[in-house]
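Report on the following structure.
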Amino acid sequence: MKILIVGGGGREHAIAESVSRSSKVEKIYCAPGNAGIEELAECIPITAMEFDKLSNFVKENQIDLTIVGMDDPLVGGIVDVFEQEGLRIFGPRKNAAILEGSKAFSKDLMKKYNIPTAGYENFTDPEAAITYLKDATYPIVLKADGLALGKGVLICNTFEEAQEGVASIMLEKQFGDAGNTLVVEEFMQGREVSVLSFVDGKTIKIMTSAQDHKRAKDGDQGLNTGGMGTFSPSPFYTPEVDAFCKEYIYQKTVDAMAMEGREFKGIIFFGLMLTETGPKVLEYNARFGDPETQVVLPRMKNDIVDVVEACIDGNLDKIDLEFEDNAAVCVVLASMGYPEVYEKGFEITGMEAFHEQEGYYLFHAGTKRTEKGIVTNGGRVLGVTAKGKDLKEARKNAYQATEWVQFANKYMRNDIGKAIDEAE
Ligand code: AMP
Ligand code: GLY
């Protein structure tokens, strides 16, 4: 088979690595890809939102299956365009990707179907939002309804902060049209867990759990980022939590979407918070997580192409997902200054150390090939993933491997997986 992967970050590199292990695959393409994906796939200079160019490329090159990594093309309807052309593609259609594309939609869905989540109100009128916020309990959470690169969430401690938040989201349109609707949500406390799942419209199969580290600095300080590191499995995702979520969250979400006439096929990523009153949904994503995928897929034993095809064909019930009985940790190597201002274009050395190292992976995110070699080309540059027999060993291995690669302004968090010690 020939496969096209859409995207060019660390997540897509991890998807490509998993696809490259499939016995069915003879050739992988990636659009646009990056300097690391190039080792596994032919990268083509088409960006993820150029649906017509992508579908033409697929037809010309007789590609059998397209796997979409990113949220924007899914929410924008890439699956509908491909299906109209008779092309095989993995991911939700536009009317189902709204599960991620509109937080107001997902909150209304959870309320209607009694899926545990934080209390909330949706607003399209800034004045009404302000009136509501005057008498609210603080802290409180403001969320831009639409996609905002993971940055559209503000936690406000006072009414004044909330007022500023409403102004920046709804009036100044800091996140563009994503802020036309505002979700005001009850503040929850607890540990966060990411759970990815495969869905075929009816059946849902849960992957192993993971935990992300969203803040830029050690001790969960600093600004929110796309994610500075992950570990898998989460020791806080106990059998009790799993049983609760299976009963009250996972299948109910899939059934709710089907009942709304929005059959969901693809990946549902459940962002959960384990609160004192039980697990609740923080958010849904309609795609693989980044950098969760970098610790989940290396541990998956199944041939990913079999699982993806079962989702498309509606026979996921025939598949048993299997994960290795070990652990993985991913530490993101970023450019100093990320997620604000940072420099690019620095040469990266030492990457060859990862070749032929069983259980170690160097997933590229913001890298570029130039005449002087591979250079930094983004905020999150590389993801170093290592496996171990348990979380502690995986963490030790991952941090050791972060020393193998060098580039100017290299920055990482030094406490990825600190929570592992708290679990004991
Ligand atoms: P989201 O994009 O909705 O996952 O929000 C980004 C981050 O904001 C989450 O990972 C949480 O750390 C935080 N967050 C979102 N909603 C809430 C909430 N209701 N209570 C507390 N923290 C939240
Ligand atoms: N790591 C969080 C996300 O992919 O949205």
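The values are calculated or read from the model by the stated rules, or taken from the named source; none is laboratory data. Everything quoted here is computed from the prediction, not taken from an experiment. All Cβ positions, glycine included, derive from the backbone under ideal geometry; neighbour counts span all protein chains shown. Ligands, DNA and RNA are stripped out before the accessible areas are found, and what is left, the full protein with its side chains, is counted by its heavy atoms. Shrake-Rupley method; radii C 1.70, N 1.55, O 1.52, S 1.80 Å.
The table that follows gives values for the structure above.
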| read-out | value |
| --- | --- |
| Global form of the stretch 1-57, assessed from the alpha-carbon gyration tensor, a/c cut-off 1.5 | oblate |
| Stretch gain in nm, segment Glu358-Trp404, where the contour uses 0.36 nm per residue and the Cα spacing is subtracted | 15.1 nm |
| Surface accessible to a 1.4 Å probe, per residue, for the residues of the chain, Å² | 42 Å² |
| Contact order normalised by residue count of the stretch 1-98, Cα under 8 Å, 6+ apart, percent | 28 percent |
| Label-to-label distance, nm, for residues given as Glu164 and Asn315 (7 Å Cα→Cβ offset) | 5.8 nm |
| Euclidean distance between Cα centres, the stretch 174-198 to the stretch 122-154, Å | 11 Å |
| Average Cα contact separation per residue, the chain, under 8 Å, 6 or more apart, as relative contact order % | 16 percent |
| Three-way shape label, the stretch 29-72, alpha-carbon gyration tensor, a/c 1.5 | oblate |
| Tail beyond 26 Å, pair distance distribution of the stretch 221-335 (Cα, percent) | 26 percent |
| The stretch 65-165, dipole about Cα centre (Lys/Arg Cβ +1, Asp/Glu Cβ -1), debye to the nearest 20 | 400 debye |
| Antiparallel bridges, percent of DSSP beta bridges restricted to the chain (to nearest 5) | 80 percent |
| Fully extended contour minus Cα-Cα distance, from Lys2 to Glu247, at 0.36 nm per residue | 84.4 nm |
| Chain lengthening between Thr137 and Thr349 when straightened (0.36 nm per residue, less Cα-Cα) | 71.2 nm |
| Among Tyr250, Tyr29, Tyr113, residue whose mean-square fluctuation peaks in a GNM of the chain (springs only between Cα atoms under 10 Å) | Tyr113 |
| Sites Lys392 and Glu371 - FRET efficiency at Förster radius 45 Å, r taken between beta-carbons, to 0.05 | 0.60 |
| Label zone at Glu85, where the point sits 7 Å out along the Cα-to-Cβ direction: the stretch 22-52 residues whose backbone N lies under 19 Å | 27-33, 42-52 |
| Radius of gyration and Dmax over the Cα atoms of the stretch 113-228, both given in Å | 16.0, 46 |
| Within a Gaussian network of the chain (alpha carbon springs, distance under 10 Å), most fluctuating of Val79, Val375, Val341 | Val341 |
| Label-point separation in nm, Gln62 to Ile44, each point 7 Å along Cα→Cβ | 1.5 nm |
| Ratio Rg/Rh [Cα only; Rh per Kirkwood] for the stretch 319-424 | 1.02 |
| Global geometry of the chain, whether rounded, prolate or oblate, following the gyration tensor of its Cα atoms and the 1.5 cut on a/c | rounded |
